[in-house]
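A short write-up of the structure that comes next.
The values are calculated or read from the model by the stated rules, or taken from the named source; none is laboratory data. Treat the numbers as computed from the prediction; the structure is a model and nothing was measured. Remember, those area values only see protein heavy atoms, side chains included, never the ligands or the DNA or RNA. Shrake-Rupley method; radii C 1.70, N 1.55, O 1.52, S 1.80 Å.
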Amino acid sequence: MAILVKLDDLLHARRMTLSQLAEQVDITLANLSILKTGKAKAIRFSTLEAICQALDCQPGDLLAHEKE
Amino acid sequence: MNPRPDILSTTRLVLRGLTGLNILLGAGIAVLLSTSFAAAPWLQKALGAQPEQMTGMRLVMLVGLAGIPLAHRMLTRLSTMVETVRDGDPFIPENAARLQDIAWALLWIEVLKLAVGAVSAATPFAIDPGFSLDGWLAVLLLFVLARVFALGTTLRADLEGTV
């Protein structure tokens, strides 16, 4: 997919694990894992907002578009 | 022990029974049709039919035979759908296609009823084809349901990848 999810980089920068993020944003570890590995087909605004709030970032920090 | 009857198991059994009966009916009609050629006088006497009614009777038997694979298609598709409900995941694209198959089969069965009506009107062999608006409404309903099912499965597939 041309949309890149940079959750791994953000977590690394914040020295946070996926489990810790899952607890903070109240989203299952399984779903966050789907997002992290780029297997998600769509992301809800509520999920995006929760992640941005927890990681203190902008949606653009989390997602990027890669030209094919 | 579960005091509630397992509706799905009962439905599965009923569908299997109907599928078997349908095959038997087909075999019966085929035997009758063959007998109407091989031993026409005997069959006329046995059924109390007039000789001029035999052509109409044979045509109705042919139409009946044509309906057997259609009914078989409907029953087996419905059986498979019931199996998917038992397995816990009926909202799959294959079931939308099966529902559409059932709708087409029912449409052709209604057309065959018209054919029986035409034979009945054109020959001395009078038989009630069982005309009813309900059958045609059921066809429409099934086509609409198949479409709704197809859209539903697409929506669910979209939701499955949503986080």
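Tabulated results
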quantity: Amide H within-cut-off set for residue A:4, under 5 Å, with H built and near neighbours excluded; calculated: A:64, A:65, A:66
quantity: Accessible area of residue B:52 in the full protein assembly, 1.4 Å probe (Å², nearest 10); calculated: 110
quantity: Kyte-Doolittle mean at least 0.5 and Cα axial length at least 24 Å: DSSP H helices in chain B; calculated: B:7-38, B:54-87, B:93-122, B:133-160
quantity: By accessible area with a 1.4 Å probe, ligands and nucleic acids excluded, highest first: order of A:45, B:143, B:37, B:91; calculated: A:45, B:37, B:91, B:143
quantity: With DNA, RNA and ligands ignored, accessible area of residue A:49 (1.4 Å probe; Å², nearest 10); calculated: 120
quantity: With all protein chains modelled, accessible area of residue B:128 [1.4 Å, Å²]; calculated: 130
quantity: Lysine pair number, Cα distance threshold 20 Å (strictly under), the protein assembly as shown, separation 8 or more or different chains; calculated: 7
quantity: Probe 1.4 Å, all protein chains present, accessible-area order of B:63, B:111, largest first; calculated: B:111, B:63
quantity: Residues in segment A:39-68 that, when all protein chains are in place, have 30 Å² or more less accessible area than the chain alone would give (probe 1.4 Å); calculated: A:41, A:42, A:44
quantity: Heavy-atom accessible area per residue - the protein assembly as shown, 1.4 Å, Å²; calculated: 63
quantity: Calculated from backbone phi, Karplus (6.51, -1.76, 1.60) coupling profile of segment A:14-30 in Hz, x at Gly/Pro; calculated: 8, 6, 10, 8, 5, 5, 5, 5, 4, 5, 5, 9, 6, 10, 5, 4, 4
